[in-house]
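In what follows, a single structure is set out as structure tokens and then discussed.
The values are calculated or read from the model by the stated rules, or taken from the named source; none is laboratory data. What you see is a predicted model; the values in this text were computed from it and never measured. Neighbour counts are summed over all protein chains in view; Cβ atoms, including those assigned to glycine, are modelled from backbone coordinates with ideal geometry.
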Amino acid sequence: MFASLLIALLPQFADASMQSLEARLLDRSTSADERVRVLEELAMRDGAVSYQACEAAKSVARGPWTIDYVRLLGRAGEEALPELRKYARNRTDLIRAEAVYGLVRTDSEGGEAFARKTVHDRSEPVEARIAALRGLADRGSILARVEALRQLHAEQSPLQLEAIEILARAPSDSDVRYLIDVVASEEGRVQSDAVELLQKITGYRIGADSRSWRYFFLKHDTEGTPFKRDAGPVEASHQTLSYMGIPIQGERIVFVLDASGSMNAPLAERTRESRGSRAVSELSELLPRLPSGAAFDIVFFESSISGFGGGRMVNRADKRIEAAHSWLDSRQFDGGTNLFGGLEEAFTRKDVEEIILLTDGMPSAGEVQDPHRILAWVQRWNRWRKVRISTIGLSAPRLADGFLSKLAEQNRGVYRAIR
């Protein structure tokens with residue numbers, strides 16, 4: 001993960017217009033620190049930017065902000081194509097992905113061919129392949145659905161998730177048979193997302209039971225009737241695991257839990273139980289119920305960061321569950337709320353599918369404490385990784401609701417406030 005961060009306190013630009021932000025970049029009197037912050041803000045938004053603004057931002061585009069710079073190039077028109085082609089060969093996966101996406105969207109003549117070549121090239125990082133597939137869809141190519149169907153059984157689950165998401169933009173009855181095959185062959189979030197799309201298309205509330213889906217599909221096909229919900233069939237339930245009321249869809253999960261001193265405070269309705277003990281006890285009860293093939297890690301954040309798995313996810317096994325229980329029981333709650341550090345640590349876990357974040361307050365420690373800027377960082381990390389992030393506010397102040405709900409909304413998750 002990126003080591004150097006901008007620590008200086010800078011003006012808040014969230015409410016500024018695109019035109020005023022570009023003007024700040026083009027103003028030679030604007031400081032380097034302010035340019036970095038403007039670049040970060042522009043990258044979070046949609047809409048075209050001028051190539052001149054990109055040139056002005058280039059001088060401060062270092063480290064993670066290179067990702068933001070390349071993202072702006074992808075919205076600067078054909079004038080930016082030479083720069084995008086250069087960055088499409090970059091060794092940093094997230095920079096490469098932004099360049100690929102920009103090329104597919106911008107190159108009117110060769111964008112589609114380049115996208116298809118990239119999607120099918122297994123030597124390309126998965127982030128770049130996702131960017132190529134999304135670029136096809138966002139430029140309105142008729143090839144996007146064809147390529148999405150082909151990637152439903154890709155070897156990398158983030159690419160499969162992107163394919164399902166593209167099909168969900170315009171659900172079609174013709175996709176049903178392919179989605180049923182996904183339910184039969186896949187697990188975790190890929191299976192869960194396929195079920196959700198099948199339910200959306202058909203109206204049936206069948207869960208992850210491919211045989212039931214196939215039965216009703218063949219029944220309607222034989223009868224010559226649309227595969228749509230009616231009053232007749234008995235529906236199967238789709239049970240899911242949950243943590244503190246948050247459904248768990250993935251099988252590679254990182255739980256990111258607040259361990260600050262305020263977690264020692266008693267719960268409003270359970271005064272004999274603290275916020276921290278509630279978070280720990282609920283997780284202890286959940287871990288043994290994870291699927292046998294699941295992998296997990298637990299990250300606690302206060303002023304410092306600590307993880308159970310020693311920097312990696314661990315397979316769900318009885319001995320690892322016992323060790324996790326002991327580790328959780330020894331947890332002490334103290335210090336500030338380095339929420340940024342907890343999320344940053346979670347994103348270092350390879351192949352993580354789902355993050356569940358629990359906190360009782362707003363960020364108060366760590367190198368990035370501004371909630372708006374934390375959203376920007378998560379967007380950099382997750383734009384091409386497709387990790388689902390759900391959030392829990394446990395006795396958190398109302399001020400935290402907007403930030404935590406937006407963090408979940410922007411990352412395909414859900415937010416739950418527990419007062």
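A few remarks follow.
- Taking the criterion of being among the small types (Gly, Ala, Ser) and within 9 Å of VAL256 (Cβ to Cβ), the residues of the range 326-362 that qualify are GLY342, ALA346.
- Restricting VAL100, VAL60 to residues that are more than 26 Å from the chain's Cα centre (by Cα), touching a residue at least 24 places away in the same chain (Cβ under 8 Å), closer than 21 Å to MET44 by Cβ and surrounded by 19 or more Cβ atoms within 10 Å (Cβ to Cβ) narrows the list to VAL60.
- Considering residues of the range 207-218 that are over 18 Å from SER172 (Cα atoms) and either of a type outside the set (Lys, Arg) or modelled with pLDDT under 95 (or both) only, the residue farthest from the chain's Cα centre (by Cα): TYR215
- If you go through the range 312-326 and pick out every residue that is within 14 Å of SER281 (Cβ to Cβ) and in contact with a Phe, Trp or Tyr (Cβ under 9 Å, 6 or more places away or on another chain), you end up with 1.
- Scan of the range 245-261 for residues that are surrounded by fewer than 23 Cβ atoms within 10 Å (Cβ to Cβ) and either assigned to a helix (DSSP H, G or I) or out of contact with any Gly (no Cβ under 9 Å at 6 or more places or on another chain) (or both), ordered by number: GLY245, PRO247, GLY261
- Checking each residue in the range 328-337 for being buried (at least 16 other Cβ atoms within 10 Å of the Cβ) and either out of contact with any helix residue (DSSP H, G or I) (no Cβ under 9 Å at 6 or more places or on another chain) or closer than 21 Å to SER242 by Cα (or both) picks out only LEU328.
- The set of residues in the range 344-360 being over 21 Å from LEU159 (Cα atoms) and part of a loop (DSSP other than H, G, I, E, B) consists of ASP360 alone.
- Looking at ALA168, ALA163, ALA148, ALA137, just one residue is under 24 Å from ARG214 (Cβ atoms), over 18 Å from the mean Cα position of the chain (by Cα) and free of Cβ contacts under 8 Å to residues at least 60 places away in the same chain, and that residue is ALA148.
- Any hit, the range 175-184, residues being of a type in the set (Ser, Thr, Tyr) and not assigned by TED's automatic domain parsing to the domain that holds PHE216: no
- Test: residue in the range 146-161 that is buried (at least 20 other Cβ atoms within 10 Å of the Cβ), among the β-branched types (Val, Ile, Thr) and closer than 18 Å to ARG129 by Cβ: no
- Residues that are among the β-branched types (Val, Ile, Thr), part of a loop (DSSP other than H, G, I, E, B) and within 17 Å of PHE340 (Cα to Cα) within the range 366-419 comprise VAL368, VAL387, listed in sequence order.
- Scanning the range 367-393 for residues that are on the phi > 0 side of the Ramachandran plot and without any contact (Cβ under 8 Å) to a residue 60 or more places away in the chain gives no hits.
- Inclusion of GLU367 among residues that are in contact with a helix residue (DSSP H, G or I) (Cβ under 9 Å, 6 or more places away or on another chain), at pLDDT below 95 and not hydroxyl-bearing (Ser, Thr, Tyr) is warranted.
- In the range 266-282, the count of residues that are part of a helix (DSSP H, G or I), in contact (Cβ under 8 Å) with a residue 40 or more places away in the chain and of a type in the set (Gly, Ala, Ser) is one or more.
Rundown of residues vs (1) surrounded by fewer than 20 Cβ atoms within 10 Å (Cβ to Cβ); (2) touching a residue at least 60 places away in the same chain (Cβ under 8 Å); (3) not aromatic (Phe, Trp, Tyr), yes/no style:
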| site | (1), (2), (3) |
| --- | --- |
| SER20 | yes, no, yes |
| SER50 | yes, no, yes |
| LEU84 | no, no, yes |
| TYR87 | no, no, no |
| THR106 | no, no, yes |
| GLU109 | yes, no, yes |
| ALA115 | no, no, yes |
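- Here ILE321 does not fit the description of being free of Cβ contacts under 8 Å to residues at least 60 places away in the same chain, farther than 28 Å from ALA97 by Cβ, crowded, with 19+ Cβ neighbours inside 10 Å and β-branched (Val, Ile, Thr).
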